Amino acid sequence: MWTTNELGLAQLHCDGQSWDFDARGGDSGISFTGVALASVGDDRLPVAAEQFVRGDQWHINYPQGDGSFALRLVFNPIHSSANRLVIEVCTSIQTDLLDTHPKIDVEATCDDIDSFVPMDEWGHNEVAGAGCAPISLAKSKHNSVSVLLGSHDSPFTTNHSTDAMLRLRLFGDFLEKGVIRRARPWIVIDRSGTLPTEAELTTCWSELVASPIPLT
């Protein structure tokens, strides 16, 4: 269940736990439990102007205004337990400008990073020649963040990580005026101090791949 007060601020309550989300945008940024969505280069994040809850989903709209792009986010919890949350972050980006390359980075500070490429039933890499591994795991002492990318997103995502920061860049290609481009990473946040296993993440990734693409 979502509770919202100020525009762009919310808490997700599930299994007796609360997860804080700050999606105000602009100078306040967009962040939730160790994860951030950041603009790239000279672009600025637009500011949240509208929000609503529909079922289990929290929707936030960010008009372009005098910036370089408009943004829409839909946070959709997939699974939760006492110390782990799997949430889909459906991200839509659009611009009214003729010559622009707006991008969004998914970021998580960490001590170390692992990446995994699931195998198909014949033992081959499930995704060949992709721009980014389908599963990335950012490891810290007390928590971890995993970013899962389906087959519609991993080929168009690039890895700009450092030793201390997982940074995956969505929407790297030129964006034509008026076109809406979408991505829907699943993010696994674990604050138990125990890392999710490769098998657990692969099972979750397979669920992402098999799930229907949202219409909006």
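The values are calculated or read from the model by the stated rules, or taken from the named source; none is laboratory data. Keep in mind that what you see is a predicted model, and the values were worked out from it rather than measured. All Cβ positions, even for glycine, are placed from backbone atoms using ideal geometry, and neighbour counts span all protein chains on display. Surface areas here come from the heavy atoms of the whole protein model, side chains and all, with no ligands, DNA or RNA. Shrake-Rupley method; radii C 1.70, N 1.55, O 1.52, S 1.80 Å.
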**Report entry** Proximal lysines relative to K177, as straight alpha-carbon distance under 22 Å, when same-chain residues fewer than 8 apart are discounted
**Finding:** K103
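Tell me, what % of the accessible area of the chain is carbon and sulfur with a 1.4 angstrom probe?
49
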Requested in this report: Just reorder H79, H59, H152 by solvent-accessible area, largest first, 1.4 Å probe, all chains present.
Outcome: H152, H79, H59
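With a cut-off of at most 15 other beta carbons within 10 Å, and DSSP calling the residue loop, which GluC sites (Glu not before Pro) in the stretch 170-213 qualify? Please list them.
Details: sites: E176, E198, E200, E207; in loops: E176.
In loop regions of the stretch 170-213 (DSSP not H, G, I, E or B), the sparsely surrounded GluC sites (Glu not before Pro) are E176.
Order the peptides 83-93, 1-11 from the highest to the lowest mean number of other Cβ atoms within 10 Å of their residues.
Numbers: 83-93: 20.0, 1-11: 14.8.
Result, highest mean Cβ count within 10 Å first: 83-93, 1-11.
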Query raised in the report: At a probe size of 1.4 Å, how large is the accessible area of R54, to the nearest 10 Å²?
Result: 130
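Could you work out the relative contact order of the stretch 2-210, using alpha carbon pairs under 8 angstrom and six or more residues apart, expressed as a whole percent? Write down the numbers at each step before the final one.
Working: 521 pairs, mean separation 37.4, N = 209.
Relative CO of the stretch 2-210 lands at 18 percent.
Specify whether the C-alpha gyration tensor of the stretch 10-119 places it in the rounded, prolate or oblate class, a ≥ b ≥ c being the square roots of the eigenvalues: rounded for a/c under 1.5, otherwise prolate if a/b is larger than b/c and oblate if not. Let's see the in-between values first.
Values: a/c = 2.02, a/b = 1.38, b/c = 1.46.
Judged from the Cα gyration tensor, the stretch 10-119 comes out oblate (a/c at least 1.5, b/c at or above a/b).
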**Report entry** Per-residue ³J(HN,Hα) for the stretch 18-27, Karplus 6.51 cos²θ - 1.76 cosθ + 1.60, θ = phi - 60°, Hz, x for Gly and Pro
**Finding:** 10, 10, 8, 10, 10, 10, 6, x, x, 5
Query raised in the report: From the phi of every residue in the stretch 45-56, what ³J(HN,Hα) in whole Hz does the Karplus formula 6.51 cos²θ - 1.76 cosθ + 1.60 yield, where θ is phi - 60° and glycine or proline is x?
Result: 5, x, 9, 4, 10, 8, 8, 7, 10, 10, x, 8
Query raised in the report: Rounded, prolate or oblate: which one fits the stretch 2-210, using the alpha carbon gyration tensor with axes a ≥ b ≥ c (rounded when a/c is under 1.5, else prolate when a/b beats b/c, else oblate)?
Result: oblate
**Report entry** Under Karplus coefficients 6.51, -1.76 and 1.60, residue-wise ³J(HN,Hα) of the stretch 108-119 in Hz, glycine/proline x
**Finding:** 8, 6, 6, 9, 7, 9, 10, 9, 9, 10, x, 9
Query raised in the report: Given the rule -39500 (n - 2.57) for each run of at least 4 DSSP H residues, summed and divided by the residues of the chain, what is its mean residue ellipticity at 222 nm, to the nearest 500 deg cm²/dmol?
Result: -2000 deg cm²/dmol
Query - Loop sites in the stretch 128-191: chymotrypsin sites (Phe, Trp or Tyr not before Pro), DSSP, at most 16 other Cβ within 10 Å - result: F174
Query raised in the report: What ranking of M119, M165 comes out by heavy-atom accessible area, probe 1.4 Å, highest first?
Result: M119, M165
Query - Simple label model, 7 Å out from Cα along Cβ direction - I213 to N159, nm - result: 2.5
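Write down the accessible area per residue of the chain in Å², having rolled a 1.4 Å probe over the full set of protein chains.
Details: 10490 Å² over 216 residues.
On a per-residue basis, the chain sits at 49 Å².
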Query raised in the report: Each label point is 7 Å from the Cα along the Cα-to-Cβ direction; what then is the distance between the points at N5 and D111, in nm?
Result: 3.4
